[in-house]
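Engineer: Dumping the structure here so I can ask a few things about it.
The values are calculated or read from the model by the stated rules, or taken from the named source; none is laboratory data. Since the structure is predicted, the reported quantities are computational estimates derived from the model, not experimental observations. With ideal geometry, Cβ positions are generated from the backbone for all residues, glycine too; neighbour counts draw on all protein chains shown.
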Amino acid sequence: MDKDYQSLKIDRSEITPKSLYLSRRDFMRSAALAAGAVALAACAPGAAKSIDGSTAPTDPSNAYMDELGNPANSFQQTTNYNNYYEFTTNPQGVARLAANFPTSPWDVNVYGLVNNPKTFTVDELNQLFTPEERIYRMRCVEGWSLVIPWLGFPLSKLLEAVEPTSEATHVRFETVFAPDEMPGLKNLSYPWPYQEGLRLDEANNDLTILATGMYGGELPAQNGGGIRLVVPWKYGFKSAKALVKIELVDYQPDTLWNAIAPNEYGFYSNVNPNVDHPRWSQATERRIGDTDRRLTLMFNGYEDQVGYLYEGMDLKENY
Amino acid sequence: MDKKIEWFRLVVHIGAWGTLLVLILVNFFNPNSVNPILTFEHHTGTAALIFLILSLAGTPVGSILEWKDFAKRKKALGVYGFMFAAVHVLAFLWLDYGFQFKFIFNVVKNTVYIWFGLAAFIMALALAITSFKKMKQLMKKNWKRLHRLAYVIAPLAVIHFFLIVKANILTLQGNVIEPLIYGSIVLILLLVRIPPIKRGLINLRTAIQSRTRRPNPV
Ligand code: HEM
């Protein structure tokens, strides 16, 4: 394993338009203000409202844009359609089932091959590593995609704080197992709890974040609150939600989907239009809200930032 | 039972067109429908499968449960199954891929589940266009032979479904419950056609009927 990995430095302003940057405290304040405004405007037509009744803290429409000029999806779209099998396999049913899921306080245990293992609360993490806005494309393996303005901090900052030992090569992520609150966990066809993994250099890439909010506000339960991983150049299922454990290990961790169907869901699962899933074409995708399909981009459009991680690797073999 | 309004006939026709209307409204005229095209594709596929299964149920329901009105509608149910499959395919070609045949060709070529869906669809098409009385008279023995394909269409559609869900069919891990339910129903509907099983079930029915009648003779 190459230990001289490097974290590609990106000028923040490249990712986040300055005008959209909000510190955690600022956004808490603006969220509170916006919540009040929304409460007043709740009966007005066009108030962004999801079916579980939660309201977008800020008006998301055309305020956000990714670095390629794609407008972000609306809060309503992002919160009402996603895969979260801990709740249900129906992507339209997650929001309703997650409506009462408690996301705060939230603990996440960072341990394993580290010098400073520690259990953090999400509030602590937000204080230690000021969340920044990252507007990322999210590509689902089923052929649809979203553009989402996350609030989060680079995972590398947390790793720096816990100091991985020299043996650590990979990071293992584990999602909460709460069958009383997550009805999907009673479905025994899955090897719960949800698990994911990254190579240490992938985890340290500046694009990899832990998100604790989105659209300038809290991270809704259906989108992975209290805290989730976001790895924008990989298919959506790699970005594990509702994390309770982050473990540094010296092996390639099992992942839930890889355990179910190893020939279909590889460890890497990088977005790659040239490598079809054995059952689905990955050449095109539909951005939620669009009528037409669009071409899927190599590494979901993040090739310049992450291509170095896979230099010399056969991406057909390492799918 | 003499002057009967064939209510089941009404149920079939209203049920089919009503379902189509509801699926269009729920997906395309509903502000909470976030991914309408993919969802409509799923809904119409499921409706096609359900109507094909109901059609497959016609014969055994008629002979074993003696519900003759149901059996009489098996052809209509099958044609509606084909109708939903046609809407499903149209949704795929038009709504999903905008008739961009460059992409469609690649997807069909590389996607195994579509091969099974296509096989089922072509057979259903053949049965639908020969479903008229005239055709039956014209084709004579061959009509019966051709219409035995009905036993193959539903299993192919179930395989199509199994291959779409994120699951492992061999270990039954993943999102297997729905296709498993439809698959089991199809399997049962095929098994009850086997003569000894069929005879056994008919005897069981008459035994239950005579027992429940005894304390209260007509
Ligand atoms: C009798 C014929 C067919 C039946 C009964 C049928 C049934 C189904 C069913 C039950 C589903 C899954 C629904 C769900 O996941 O809830 C489905 C999905 C689908 N079918 Fe079919 N199908 C048929 C033919 C076809 C044909 C001919 C095509 C293409 C040419 C096709 C393309 C699709 C596609 C694209 C999906 C969605 C896959 C995805 O999730 O991305 N089907 N179909």
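Engineer: Tell me the residue from B:Arg211, B:Arg193 that is modelled with pLDDT of 90 or more, surrounded by fewer than 16 Cβ atoms within 10 Å (Cβ to Cβ), more than 30 Å from A:Tyr265 (Cβ to Cβ) and not aliphatic (A, V, I, L, M), please.
Structural biologist: Numbers: B:Arg211 fails: modelled with pLDDT of 90 or more.
Just a single option satisfies the conditions, and that option is B:Arg193.
Engineer: Being loosely packed, with under 15 Cβ neighbours inside 10 Å, aliphatic (A, V, I, L, M) and without any contact (Cβ under 8 Å) to a residue 40 or more places away in the chain: is that true of B:Met123 here? Break it down stepwise before answering.
Structural biologist: Details: loosely packed, with under 15 Cβ neighbours inside 10 Å: no; aliphatic (A, V, I, L, M): yes; without any contact (Cβ under 8 Å) to a residue 40 or more places away in the chain: yes.
So B:Met123 does not fit the description; no.
Engineer: So A:Asp250 passes all but one of these: (1) under 30 Å from A:Phe120 (Cα atoms); (2) buried (at least 16 other Cβ atoms within 10 Å of the Cβ). Which condition number does it fail?
Structural biologist: (2)
Engineer: Within 8 Å of chain B (Cβ to nearest Cβ) and surrounded by fewer than 19 Cβ atoms within 10 Å (Cβ to Cβ), is that true of A:Asp290?
Structural biologist: Values: within 8 Å of chain B (Cβ to nearest Cβ): no; surrounded by fewer than 19 Cβ atoms within 10 Å (Cβ to Cβ): yes.
Here the answer is no, as A:Asp290 does not meet what is asked.
Engineer: Return the pair list, or none, for Cβ contacts closer than 7 Å from residues in region B:28-45 that are facing chain A (nearest Cβ under 7 Å) to residues that are buried (at least 18 other Cβ atoms within 10 Å of the Cβ) and assigned to a loop (DSSP other than H, G, I, E, B), at least 6 apart or on different chains.
Structural biologist: Going by the 7 Å Cβ cut-off, the qualifying pairs are B:Val34/A:Tyr81; B:Val34/A:Ile288; B:Asn35/A:Tyr81; B:Asn35/A:Ile288.
Engineer: Let me ask something else. Residue check: is A:Tyr319 surrounded by fewer than 16 Cβ atoms within 10 Å (Cβ to Cβ), out of contact with any helix residue (DSSP H, G or I) (no Cβ under 9 Å at 6 or more places or on another chain) and aromatic (Phe, Trp, Tyr)? Walk me through how you get there before you give the answer.
Structural biologist: Details: surrounded by fewer than 16 Cβ atoms within 10 Å (Cβ to Cβ): no; out of contact with any helix residue (DSSP H, G or I) (no Cβ under 9 Å at 6 or more places or on another chain): yes; aromatic (Phe, Trp, Tyr): yes.
No, not satisfied.
Engineer: Something else now. Could you give me the residue pairs with C-beta distances under 9 Å whose first residue belongs to region B:167-190 and is assigned to a loop (DSSP other than H, G, I, E, B), whose second residue is among the basic types (Lys, Arg) wherever it lies, and which are 6+ apart or on separate chains?
Structural biologist: Close Cβ pairs satisfying both conditions: B:Asn175/B:Lys166.
Engineer: Can you name the condition, by its number, that B:Trp143 falls short on among (1) over 30 Å from A:Phe87 (Cβ atoms); (2) within 14 Å of chain A (Cβ to nearest Cβ); (3) aromatic (Phe, Trp, Tyr)?
Structural biologist: Among (1) over 30 Å from A:Phe87 (Cβ atoms); (2) within 14 Å of chain A (Cβ to nearest Cβ); (3) aromatic (Phe, Trp, Tyr), B:Trp143 violates only (2).
Engineer: Return yes when B:Ala150 is over 27 Å from A:Leu256 (Cβ atoms), modelled with pLDDT of 90 or more and more than 10 Å from the ligand (Cβ to nearest atom) and no when it is not.
Structural biologist: Values: over 27 Å from A:Leu256 (Cβ atoms): yes; modelled with pLDDT of 90 or more: yes; more than 10 Å from the ligand (Cβ to nearest atom): yes.
Spelling it out, B:Ala150 is indeed over 27 Å from A:Leu256 (Cβ atoms), modelled with pLDDT of 90 or more and more than 10 Å from the ligand (Cβ to nearest atom).
Engineer: Also, I was wondering about something else. For region A:148-173, how many residues are among the hydrophobic types (A, V, I, L, M, F, W, C), surrounded by fewer than 22 Cβ atoms within 10 Å (Cβ to Cβ) and either under 27 Å from A:Gly301 (Cα atoms) or touching a Pro at 6+ places or on another chain (Cβ under 9 Å) (or both)? Give the derivation first.
Structural biologist: Of the residues in region A:148-173, the ones among the hydrophobic types (A, V, I, L, M, F, W, C) are A:148, A:150-151, A:153, A:155, A:158-159, A:161-162, A:168, A:171, A:173.
So of that shortlist, the ones also surrounded by fewer than 22 Cβ atoms within 10 Å (Cβ to Cβ) come out as A:153, A:158-159, A:161-162, A:168.
Now restrict to residues that are either under 27 Å from A:Gly301 (Cα atoms) or touching a Pro at 6+ places or on another chain (Cβ under 9 Å) (or both): A:153, A:158-159, A:162.
The total comes to 4.
Engineer: Also: Given the criterion of a type in the set (Val, Ile, Thr) and either within 28 Å of A:Lys157 (Cα to Cα) or within 12 Å of the chain's Cα centre (by Cα) (or both), identify the matching residue among A:Thr208, A:Thr291, A:Thr284, A:Thr296. Show your work before the answer.
Structural biologist: Numbers: A:Thr291 fails: either within 28 Å of A:Lys157 (Cα to Cα) or within 12 Å of the chain's Cα centre (by Cα) (or both); A:Thr284 fails: either within 28 Å of A:Lys157 (Cα to Cα) or within 12 Å of the chain's Cα centre (by Cα) (or both); A:Thr296 fails: either within 28 Å of A:Lys157 (Cα to Cα) or within 12 Å of the chain's Cα centre (by Cα) (or both).
On inspection, the qualifying residue turns out to be A:Thr208.
Engineer: Right, next: Just give me the residues in region A:293-319 being away from every other protein chain (no Cβ under 14 Å) and part of a strand (DSSP E or B), in sequence order.
Structural biologist: none
Engineer: Go over the candidates A:Leu198, A:Leu146, A:Leu158, A:Leu210 one by one and state the one that is at pLDDT 95 or above and within 14 Å of chain B (Cβ to nearest Cβ). Can you show your working first?
Structural biologist: Values: A:Leu198 fails: within 14 Å of chain B (Cβ to nearest Cβ); A:Leu158 fails: within 14 Å of chain B (Cβ to nearest Cβ); A:Leu210 fails: within 14 Å of chain B (Cβ to nearest Cβ).
Result of the check over A:Leu198, A:Leu146, A:Leu158, A:Leu210: A:Leu146.
Engineer: In region B:146-189, how many residues are surrounded by fewer than 20 Cβ atoms within 10 Å (Cβ to Cβ), facing chain A (nearest Cβ under 10 Å) and of a type in the set (D, E, K, R)?
Structural biologist: Of the residues in region B:146-189, 1 are surrounded by fewer than 20 Cβ atoms within 10 Å (Cβ to Cβ), facing chain A (nearest Cβ under 10 Å) and of a type in the set (D, E, K, R).
Engineer: Would you say B:Met139 is more than 17 Å from the chain's Cα centre (by Cα) and either surrounded by fewer than 16 Cβ atoms within 10 Å (Cβ to Cβ) or over 23 Å from B:Arg193 (Cα atoms) (or both)? Spell out how you get there, then give the answer.
Structural biologist: Working: more than 17 Å from the chain's Cα centre (by Cα): yes; either surrounded by fewer than 16 Cβ atoms within 10 Å (Cβ to Cβ) or over 23 Å from B:Arg193 (Cα atoms) (or both): yes.
Answer is yes for this residue.
Engineer: Another one. Among the residues of region A:247-268, are any modelled with pLDDT of 95 or more, part of a loop (DSSP other than H, G, I, E, B) and of a type in the set (Asp, Glu)?
Structural biologist: Yes, region A:247-268 contains at least one residue that is modelled with pLDDT of 95 or more, part of a loop (DSSP other than H, G, I, E, B) and of a type in the set (Asp, Glu).
Engineer: Among the candidates B:Gly45, B:Gly15, single out the residue that is under 16 Å from the mean Cα position of the chain (by Cα), crowded, with 20+ Cβ neighbours inside 10 Å and at pLDDT 95 or above. Lay out the reasoning, then the answer.
Structural biologist: Numbers: B:Gly15 fails: crowded, with 20+ Cβ neighbours inside 10 Å.
Criteria check complete, one pass: B:Gly45.
Engineer: Can you name the helices (runs of 4 or more DSSP H) wholly within region B:64-115 that have at least 2 residues being touching a residue at least 24 places away in the same chain (Cβ under 8 Å) and within 14 Å of the ligand (Cβ to nearest atom)? Let's see the steps before the verdict.
Structural biologist: Details: elements: B:68-72, B:74-90, B:101-110.
Once the helices (runs of 4 or more DSSP H) in region B:64-115 are filtered for at least 2 residues that are touching a residue at least 24 places away in the same chain (Cβ under 8 Å) and within 14 Å of the ligand (Cβ to nearest atom), what remains is B:74-90.
Engineer: So which residues in region A:176-217 are within 30 Å of A:Tyr64 (Cα to Cα) and in contact with an Asp or Glu (Cβ under 7 Å, 6 or more places away or on another chain)?
Structural biologist: In the first step, residues of region A:176-217 are kept if they are within 30 Å of A:Tyr64 (Cα to Cα); the result is A:196-198, A:201-217.
Across region A:176-217, the qualifying residue is only A:Thr208.
Engineer: Can I ask one more? Residues of region B:3-52 being in contact with a helix residue (DSSP H, G or I) (Cβ under 8 Å, 6 or more places away or on another chain) and small (Gly, Ala, Ser), which ones?
Structural biologist: B:Ala16, B:Ser33, B:Gly45, B:Ala47, B:Ala48, listed by residue number.
Engineer: Mind counting the residues in region B:24-53 that are within 12 Å of the ligand (Cβ to nearest atom) and part of a helix (DSSP H, G or I)? Spell out how you get there, then give the answer.
Structural biologist: Quick first cut of region B:24-53, residues within 12 Å of the ligand (Cβ to nearest atom) only: B:35, B:37-53.
With part of a helix (DSSP H, G or I) added as a condition, the list becomes B:37-53.
Of the residues in region B:24-53, 17 are within 12 Å of the ligand (Cβ to nearest atom) and part of a helix (DSSP H, G or I).
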